[in-house]
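Nothing in this text is a laboratory measurement; each read-out follows from the coordinates by a stated rule. In this text, all values refer to a predicted model and were calculated from it rather than measured experimentally. Note that we place each Cβ from the backbone using ideal geometry, even for glycine, and neighbour counts take in every protein chain shown.
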Amino acid sequence: MNQRSYDVIIIGAGIVGLCTAFYSAKAGLRVAVLDRSTPGSGTTSKAAGMLGIQAEFRSPNPLYHLAKESIALYKTLTNELLEYQTTSLDWTSSGAIKLAFTHSEHKQLSDIQPWQVQHGDRAELLDRQSLQILAPAVTKEACAGLYFPNEVHVQPKQVARAFEHSLYELGVDVFPYTTATSVSSNRVTTRTDTLYGEQIVIATGHESIANTPWPVTPVKGEIIKVRPRRQLSQQTIFYNGWYAVPKQDGEWLLGATSTHSEDTTISVNGVLELLTNTQAFLPDLRDSEITAMWSGIRPKSTVDSPFISPHPTLHSVWLVGGHNRNGILLGPITGKCVTERLLGNEVNDAFTSIKAGEHIEHHHQSEKS
């Protein structure tokens, strides 16, 4: 790699890094992206792709409003990214249902529905009979459901591929299999060379760079892909942290977030727990064929919410991450907000800023380049 100079160097080519590179390049900045593997091959590729804004949030907090902005960006991106290549995002407007099995769970759904309607979203409270009419494959043990007709999901690998192709067309330099070993103001050192940038963005998911504060803890999630023998619900189904997502190819993704861990081993206990809990609300899953299974690590913020923050001690270095299970959902709005900061614009959003001396955890990048 020859010594080069850029307006911005982005370390990490997951969904957040890719979106940041896309919007930065669109704004006319000279951009380089480094990744220790290939773009979108880490946490992004392991996600189920739900853009579950309504199912995700229990109150209209600031992140809820950011998520709505991100969905609006996705609607534009579905066509805009096609200008650069032919891969679609696999945008699927299937709707979603959040289930209740007890009186207290029913009450929780009843509390969510009014404020979502007040904020312009569709949310319909279903009794047992209405739930069975809409989604007859759901167990009759469910006493109620909250139906979100406008919830959508995408195919994360295709989203990452679409952004990657757009970066080449926009003149971004993409460096796969390149590990950043150290960062200082205006400089990134790799195992083979040094890159110079006016500004640097660190967006490395659950892994940090040596001597760089990184308020993220890894959370393991497991997913099983199945092919049902009969048609199930058309909607994504949620219950108590478990979910089942129908994909356009007729297969379903069953998943949940489990323990704080960097271990990507697929455990027997994890698989049993996942199958047991999803079958409890979709009994017909029991006859499905298992076609694949995998696990991934999600970057959970230790400062309460996703962050876009100046480095506490290094000038012109930005820390961006902590999206946990909402990386795909919040990717576009994160990239947009980071770009505004890079351009020196005032941004009033819900992303957290990190203070010097704040408790930080480290999970260092492995040396792959």
Measuring from its Cα centre, the chain shows a charge dipole (+1 at each Lys and Arg Cβ, -1 at each Asp and Glu Cβ) which, in debye to the nearest 20, is 280
Give me the Kirkwood hydrodynamic radius of region 73-142 in Å, from all C-alpha pairs, to one decimal place?
14.9
Quick one: work out the % antiparallel among DSSP beta bridges in the chain, nearest 5.
70
Of LEU82, THR204, SER5, which is farthest along the charge dipole of the chain in the positive direction, counting Lys and Arg as +1 and Asp and Glu as -1 at C-beta?
LEU82
Cα→Cβ-extended label distance, 7 Å offset, between ARG227 and GLN108, nm
3.5
Acute angle (nearest 10 degrees) that the helix 103-118 long axis makes with the longest principal axis of the chain, alpha-carbon atoms
60
What's the angle, to the nearest 10 degrees (0 to 90), between helix 62-80's Cα axis and the longest principal axis of the chain?
80
D (Stokes-Einstein, µm²/s), Kirkwood Cα radius, region 15-135, 1.567 mPa s at 4 °C:
74
In vacuo Debye sum over C-alpha of region 168-219, base-10 log of normalised intensity I(q)/I(0) at q = 0.13, 0.23, 0.27, 0.31 Å⁻¹, listed in q order, is -0.37, -1.02, -1.22, -1.35
Using +1 at the Cβ of each Lys and Arg and -1 at the Cβ of each Asp and Glu in the chain, identify which of SER94, GLY42, GLN231 lies farthest towards the dipole's positive end.
GLN231
Reachable lysines from LYS68, criterion Cα separation under 19 angstrom, eight or more residues apart if same chain
LYS98, LYS336
Links that overshoot a 19 Å alpha carbon limit, given the list LYS46/LYS247; LYS107/LYS247; LYS157/LYS247
LYS107/LYS247
Give, in whole angstrom and from largest to smallest, the semi-axes √(5λ) of the equivalent ellipsoid of the chain, with λ running over the eigenvalues of the Cα gyration tensor.
37, 21, 19
Calculated on alpha-carbon atoms, Rg and Dmax of region 214-289 in Å
13.3, 46
Starting with the fewest neighbours, write out THR236, THR190, THR302 ranked by other beta-carbon atoms found within 10 Å of each beta-carbon.
THR302, THR190, THR236
Rel. contact order, % - alpha carbon contacts under 8 angstrom, at least six apart, the chain:
25
What are the radius of gyration and Dmax of region 247-315, computed over its Cα atoms and given in Å?
17.4, 57
Taking every Cα atom in region 68-222, find the radius of gyration and the maximum pairwise distance Dmax, and write them in Å.
22.3, 65
Mean residue ellipticity at 222 nm from the helices of the chain, using -39,500 (n - 2.57) per DSSP H segment of n ≥ 4 over the full residue count, to the nearest 500 deg cm²/dmol?
-9000 deg cm²/dmol
